[in-house]
Amino acid sequence: MMGVPNRIERYRDRHALVDGIPYILPVNCVDSPALFAGFQINADKAKKFLPGNELHPFRLWNGKGLLLITVINYLETSIGKYIEFSIAIACTRGHKPALPLLPGLFMSRYGTGQYVIDLPVSSEISVKGGKGIWGMPKHQAHLDYKISDKIVSSQYEKDGQFAMRIEIDRPSRTWIPLNVGATNYCKFRNMLMASYIYFKGKAGLNLFGSANARLYIGDHPKTAPLRDLEIDPDAFLTMYIPRANGILDDHFESWFLTYGEPPARMPEGMESVVDLGLDEEWLSPPSISDYEHFKI
């Protein structure tokens, strides 16, 4: 696991202004609830979702890959409150695929992380910063984050269409100390970008048969292709952190994506963020209740 670099502590409480967005460093979140769910998928089909030739699906002992759903209700950040709904595939980085399981133990050696396929958020300013600076595939959508005595859930809608919903059974206890670092890989401007996040908190964790979750994938074009991954409806693991404290490193990497043949078109670039403002307002909450037929 990666630890928070010492340089981040050295510039704590200093100020930055990037792309018109004011930051008080470090770029962090405070006491924000987070849910996490992992589902086994067909790793060979997952490869088709990974750009370039150096990212490879992380494989479990049985050869399966992992679809990772992470939703965080950011209650306090440098850019205000917002919800972030991450849809990603666990991956490794290298000139060839890694052996099963080992990348989970030796994360730095294998460049273990997640490739973020889709990342809807609540506010415009989050899109401007997350995409324009770190290259994350952020866009504004209708999101919610609900916590009850027994269930933690989040729903994602866009353009009047149902996109995704995740529900996990709320753990009875959240006592496991969590102090982890992770790598996010994203595609932007036809480059591969790697950013680094660090989280601390106390988590409730369930594995295998006790990891009860329900995943619903709608017909929106951003999420419908995920059905091709042959997602196991029984979650591999679920986790809930009532008060997560995290840091997004302002140091990140980017390099060219390469192809065997000349690319046919230029994907999304800076034109998608250059005119965005600093609005912290959210879109209306999701309203579609007829989603049961979308259950995986």
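Per-residue 3J(HN,Hα) values for region 116-126, derived from phi via the Karplus relation 6.51 cos²θ - 1.76 cosθ + 1.60 with θ = phi - 60°, read 7, 7, 8, 8, x, 9, 7, 10, 5, 5, 5 Hz in sequence order (x marks Gly and Pro). Computed over protein heavy atoms with a 1.4 Å probe, the carbon and sulfur contribution to the accessible area of region 36-111 reaches 57%. Helical runs assigned H by DSSP (4 residues or longer) give the chain a calculated mean residue ellipticity at 222 nm of -2000 deg cm²/dmol, each run adding -39500 (n - 2.57) before division by the residue total. Each peptide in 284-292, 45-53 receives the mean, over its residues, of other Cβ atoms within 10 Å, and ordering these scores from highest gives 45-53, 284-292. The accessible-area ordering, largest first, of the residues Arg7, Arg243, Arg93 stands as Arg243, Arg93, Arg7, per a 1.4 angstrom probe.
Protection proxy ranking of 219-232, 58-71, by the mean of other Cβ atoms within 10 Å over each peptide's residues and highest first, is 58-71, 219-232. Could you list, in their original order, any pairs among Lys47/Lys131; Lys81/Lys150; Lys131/Lys202 whose Cα atoms are separated by more than 27 Å? Pairs exceeding the cut-off: Lys131/Lys202.
The values are calculated or read from the model by the stated rules, or taken from the named source; none is laboratory data. Quick caveat, the model's predicted, so the values are computed rather than measured. Heads up, the Cβs are rebuilt from the backbone with ideal geometry, glycines too, and the neighbour counts pull from every protein chain shown. Side chains are part of the model used for accessible areas, which takes the heavy atoms of the whole protein and leaves out ligands, DNA and RNA. Shrake-Rupley method; radii C 1.70, N 1.55, O 1.52, S 1.80 Å.
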